[in-house]
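Report on the structure given below.
Bear in mind these aren't lab numbers, they're just calculated from the coordinates by the rules spelled out. Everything numeric here is computed off the predicted structure, so don't read it as measured data. With ideal geometry, Cβ positions are generated from the backbone for all residues, glycine too; neighbour counts draw on all protein chains shown.
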Amino acid sequence: MNVTLIHHSGVLVELADKVLLFDYWKGDFDFPKDKPRYIFISHGHHDHYNPKVLEMHGTVIADRGINELKNKPVTLVESGDTIQLEDLTIHVYGSTDEGVSFLIETEGKRIFHSGDLNDWHWKDESTQEEIDQAKEFFKTELDKIPVVPIDLAMFPVDRRMGSDFDDGAHAFIKRFHPRYFLPIHFSSHPEGVEIFVKNAGITDTKILRVDIQPTYEL
C-alpha cells in the first residue's frame, strides 16, 4: 500500500488492485495507470471538495449533503450507510462539522478517512461549556464507529485550534490503535505535526511524518 498526502486532507492510497482518492482539493499528483479509481468526498467544504474530481474518470462516493451532486453520476451516502462496490465495503459514519467519515474494507485492509470528524474546540477562546459540548459531540460520533483493527487512519491535526489542537487525534489513537496514522488538515501549520508526534510519546501506532515525507510505502 502506497500512501501520499497531496495537500491538506487530500490523500491518494494505492492498493494492489485499485486506487482510492480522498477529499481532493488542490495539488499535483498522478494516478497509477491501469487501476480502477474510487474517489471519496466527505463533504462540500472548499478544502475537501474540488468539482474537478468529477472529471477524473473514477467511481465517486460523496456526502449526500452536497446539493450540486444530486443529479450527477455519483454514489451519494450518509451516516449509517454501508454499501458494497465491487470488492469495497464502505461504512459511512458521521462528522462533528459537516458531512461524513469513511471506513473502507478492501484487499484485507481497513482504511479510515475522517473528513472533518474531530474534537473541534478552541480552548483558548471558548467557554468551558462550549468545550464540554464539543467534546461530548465528538465522543458521541466516535462511539458509533466499531473498535476494529484499522490499518491506516487519516485524521485532522490542525494547529489553528490552539493549545488543545491534537486532543481529537490522541483520543482516536487511544480508542482504535490504528497500525498507521496519517495527520491531515494541517496545510497552513505543518509545525503542528511535529508537536503532535512529541505529544503522542510512545505508542504502538506508527505516525507518518508527512510534514517531512509526503509518500510512504506501507
- So which of K135/K206; K72/K109; K70/K109; K174/K206; K109/K206 end up more than 20 Å apart, counting from Cα to Cα? K135/K206; K72/K109; K70/K109
- Item | the chain, helix-only ellipticity at 222 nm - DSSP H runs n ≥ 4, -39,500 (n - 2.57), divided by all residues, nearest 500 | -5000 deg cm²/dmol
- Item | Point-charge dipole on Cβ atoms (K/R +1, D/E -1) for segment 158-218, about Cα centre, debye to 20 | 160
- Mind jotting down a quarter of the surface of the convex hull over the alpha carbons of segment 24-63, in square nanometres, one decimal? 2.8
- With +1 on each Lys and Arg Cβ and -1 on each Asp and Glu Cβ, how big is the dipole of segment 2-217 about its Cα centre, in debye rounded to the nearest 20? 500
- Taking the chain, the whole-percent share of alpha-carbon pairs separated by over 28 angstrom is 23
